[in-house]
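Notes follow the structure.
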Amino acid sequence: MEILYLGIPGTFMVVSEWLCFEAAALAAGMIGTDSLAAQTIVINSISILWQIPFGLATATTTRI
């Protein structure tokens, strides 16, 4: 049961971050195609750069 008290807020944080990225993409799409293309490149770059520290944090947390 304790895992739910920790897991639900963590899930909420990840989902809210994803929703913010989607809202930013929708807003960039309303501005124009060039802005949407730039937003897509930035989001993909951030996602790739985010995977390494997230994987290390998950492995460290599991190990501890």
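The values are calculated or read from the model by the stated rules, or taken from the named source; none is laboratory data. Please read all numbers here as calculations on a predicted model, not as lab measurements. Positions of Cβ are generated from backbone atoms using ideal geometry, with glycine treated the same way; all protein chains shown enter the neighbour counts. Remember, those area values only see protein heavy atoms, side chains included, never the ligands or the DNA or RNA. Shrake-Rupley method; radii C 1.70, N 1.55, O 1.52, S 1.80 Å.
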Scan of the stretch 44-64 for residues that are assigned to a helix (DSSP H, G or I) and within 24 Å of residue 3 (Cα to Cα), ordered by number
51, 53, 54, 55, 56, 57, 58, 59, 60, 61, 62, 63
Exactly one of these conditions fails for residue 58: (1) open to solvent by 60 Å² or more (accessible area, probe 1.4 Å); (2) touching a Leu at 6+ places or on another chain (Cβ under 8 Å). Give me its number.
(2)
For the stretch 22-43, check the following and say yes or no: at least one residue is in contact with a Gly (Cβ under 6 Å, 6 or more places away or on another chain) and either open to solvent by less than 50 Å² (accessible area, probe 1.4 Å) or part of a helix (DSSP H, G or I) (or both).
yes
Residue 19 - would you say it is of a type in the set (A, V, I, L, M, F, W, C), part of a helix (DSSP H, G or I) and open to solvent by 100 Å² or more (accessible area, probe 1.4 Å)?
no
Given the structure, is residue 2 of a type in the set (D, E, K, R) and at pLDDT 85 or above?
no
